């Protein structure tokens, strides 16, 4: 299998599995238990919180473990809803993940206002439009993603924070795709809230975190035994949390060692090969800052769904956009926001890379893609002849 | 280590770890991905949903995977809050878990009414009191736990369902402690909502489920990609869910094989030994139906906190009540609801058992407890002389 879908989810790092296994076997005590076995588990949770904090240059008490990035996003939006005065605006963008767009719908239905910023052909917002939206009425929150899951395009979060904070407006960023792939320092770029998800950086599914700055308002969303500083009650997902901590530590270490340059070189190798085989290929957001791990490409005249089936038969995993949606096939709202039509979206493939990919895999994937395209063209011409 | 704290959390069954491991290693794809690797993972999630449904005699589409029992409880209560007419009453009891009591506080603060039923000396509610509460005004929900976490006492959920349904009122039960330990059949005992938590029956921490009957109203609480039938978006905790399914299957199988009788015999062996060593020991809820796994006992003249330290030194894990609370030491609200005072609670220990306990462990634990009590009495008489 050649796995080129790391924006959907990543292979779990064997070192992460090694770190969590003891907490699935001998260290099974409840971290709230007072005896030695419980205290050992509690220390592991504390250590993991420090590791995640380190990745962001945050303080441990600013990290709240959650079940996923979606929960982190929902928690911020629902929390701000309860911050008076009611009915204020939230500023977001049309290209956000559904885990931000969907929880903003009740905000609108319940009488709040959501201003959806446009994005340009690269998927970037216009800072001037953000500024005028901020000046257009009291604003509860700006929520804009750090890196887009479909194209990898980056928003300029430091500029966004500056503009919002100049007006006293807090900023949330969905950094699920960015975290561990770009240096993020919440002191240098003082976002108020930041969502991350373990399974996007080689931890298992089912664990995420919310960074909430000490100055940020946050309303508890799961009430009970008072875990996670009272914000998110419920017995901790100990093995998951330990995995998230170890994965954060490994990502930080790999970042320092320049791993992203190696992944970017793989991505560039892929894109060079791609444009050689498909001279009319259009790589999205290629002219803008984007994640080194992501290639979103439109292949003219080739149906993406068909190509993906042929690639799957050859053991190549890629996607037609976001995999974060259950089942439903629908045109990408991200590409639509960038000004592309449904036909364009239907010809778009996403390849996304991680440190587990190798150059030979890239070359094989390109061969498979070329072979799949040949079959597709033959089939299509047979159908039209 | 002699682990007698299975109501706090359980040892993860090695067979459960075996079932989940492939999903932490080779099968890491996103279940929403369309290629073979993703479909394999989706099938595993589907299979786990069926396994959990089987444990309850429910349908798979009535099972929603959550992060913990607390999330399941919160989801039901918050969901009902949004069901008009607003301001209706919820009926619950003073001995409920904090994961029910705490989310009911905002219900009260936001203008709703909560009727807290009393419990008797055994911790059981009075069905006549429930009936008059039901007749005292429009009721949105009855929420009563199946088995109490501290004492193991059971509420008569079938009677509660009958009384509530006679008046068209839905019933939620926090079955976190009961699930897998008692036969639960949601067709025979048609509760509308039921919460369960994996780590209470030999699955890992960080995964739970909510049963919501097809006729039950349920408002989505995590919005995004539409997973879990749209109720709880977010990429699935695949390994956790697979573990939960396997643990449910194993519990069902052990239940059928009469495992609970074996555990009850261990618990009775423990209690017989206990009353031999401590003739004045008072076993809570001994005169009522209770879980076969739980022994809550007051040892007159002996401080529980001190005993627990001495037991811990000898490798015996037990607790002074609920371990579901982070850190804070406070008198048990459960014992208080049963009419006991703070001094009584401070002399109360909870021992809870699972299929991993053995008769020799029970006997050793009794020896350690006797030795600890001797030391405590010596220390206490030294302090008072």
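What follows is calculated from the coordinates using simple rules that are stated; it is not laboratory data. None of the values given here were measured: they were computed from a predicted structure. Neighbour counts run over all protein chains shown; Cβ positions are idealised from the backbone, glycine included.
Find, to one decimal place in angstroms, the Kirkwood hydrodynamic radius of the range B:232-337, where the mean of 1/r is taken over every pair of different Cα atoms and then inverted. Every distinct Cα pair counted, the radius reaches 17.0 Å. Counting only DSSP beta bridges whose two residues both lie in chain B, roughly 55 percent are antiparallel.
Looking at the range B:22-158, what % of its DSSP beta bridges pair antiparallel, to the nearest 5?
If I count the DSSP bridges inside the range B:22-158, around 20 percent turn out antiparallel.
FRET efficiency for the pair residue A:219 and residue A:261, taken as 1/(1 + (r/R0)^6) with r the Cβ-Cβ distance and R0 = 41 Å, rounds to 0.50. Taking chain A as a Gaussian network of alpha-carbon nodes connected by springs under 10 Å, the highest mean-square fluctuation of the residues A:42, A:105, A:181 belongs to A:105. Position residue A:219: other-copy label points at 1.2 nm, ordered by increasing distance, label point 7 Å along Cα→C-beta. With the label put 7 angstrom out from Cα along the Cα-to-Cβ vector, residue B:374 ends up 8.6 nm from the copy partners, going from closest to farthest. With N counted as the residues of the range B:14-255, its alpha-carbon radius of gyration over 2.2 N^0.38 Å works out to 1.02. Per residue, the Cα convex hull of the range A:157-233 amounts to 96 Å³.
Compactness ratio for the range B:107-155: Cα radius of gyration over 2.2 N^0.38 Å (N = residue count) comes to 1.27. Mean sequence separation of contacting Cα pairs (under 8 Å, at least six apart), scaled by the length of chain A, corresponds to a relative contact order of 23 percent.
Take every DSSP beta bridge whose two residues both sit in the protein assembly as shown; close to 55 percent of them are antiparallel.
Applying 0.36 nm per residue to the separation of residue A:54 and residue A:336 and subtracting their alpha-carbon distance, the gain on full extension is 97.8 nm.
What does the average come to when, for each residue of peptide B:32-43, you count the partner chain Cβ atoms lying within 10 Å of its Cβ?
Mean number of neighbouring Cβ atoms from other chains: 6.
Computed per residue of chain A from DSSP H runs no shorter than four, each worth -39500 (n - 2.57), the mean residue ellipticity at 222 nm is -12500 deg cm²/dmol. Look at the stretch B:195-208: the mean tally of other chain Cβ atoms within 10 Å of its residues' Cβ atoms is 4. Anyone know which of B:67, B:258, B:38 comes out most mobile in the 10 Å Cα GNM of chain B? Ranking B:67, B:258, B:38 by mean-square fluctuation puts B:258 first. Residue order for B:172, B:165, fewest other beta carbons within 10 angstrom first, comes to B:165, B:172. Of all the options B:254, B:333, B:344, the one that moves most in a Gaussian network model of chain B with Cα springs shorter than 10 angstrom is B:254. Relative contact order (percent) for the range B:173-281, with alpha-carbon contacts under 8 angstrom and 6 or more residues of separation? Relative contact order here is 21 percent. For the rotational copies B and A, the chain B residue with its Cβ nearest the relating axis, together with that separation in Å, is B:67, 2.
With both labels modelled 7 Å from their Cα along Cα-to-Cβ, the residue A:105 to residue A:253 distance reads 4.3 nm.
Set the Förster distance to 22 Å, then compute FRET efficiency between residue B:46 and residue A:1 from the Cβ-Cβ distance, nearest 0.05. Given R0 = 22 Å and the Cβ-Cβ separation, E is 0.55.
Sorted from nearest, the other copies put their residue B:54 label points 4.4 nm away, the label point being 7 Å from Cα in the direction of Cβ. Size of the protein assembly as shown from its Cα atoms: along the principal axes, largest to smallest, the extents are 90, 55, 52 Å.
Shape analysis of the range B:1-83 places it in the oblate category; the axes a ≥ b ≥ c from the Cα gyration tensor give an a/c of at least 1.5, with a/b not above b/c.
Gain on full extension, evaluated as 0.36 nm per residue between residue A:356 and residue A:268 minus their Cα-Cα distance, stands at 30.1 nm. The simple Förster model, with R0 at 45 Å and r as the Cβ-Cβ distance, assigns residue A:303 and residue A:129 a FRET efficiency of 0.85.
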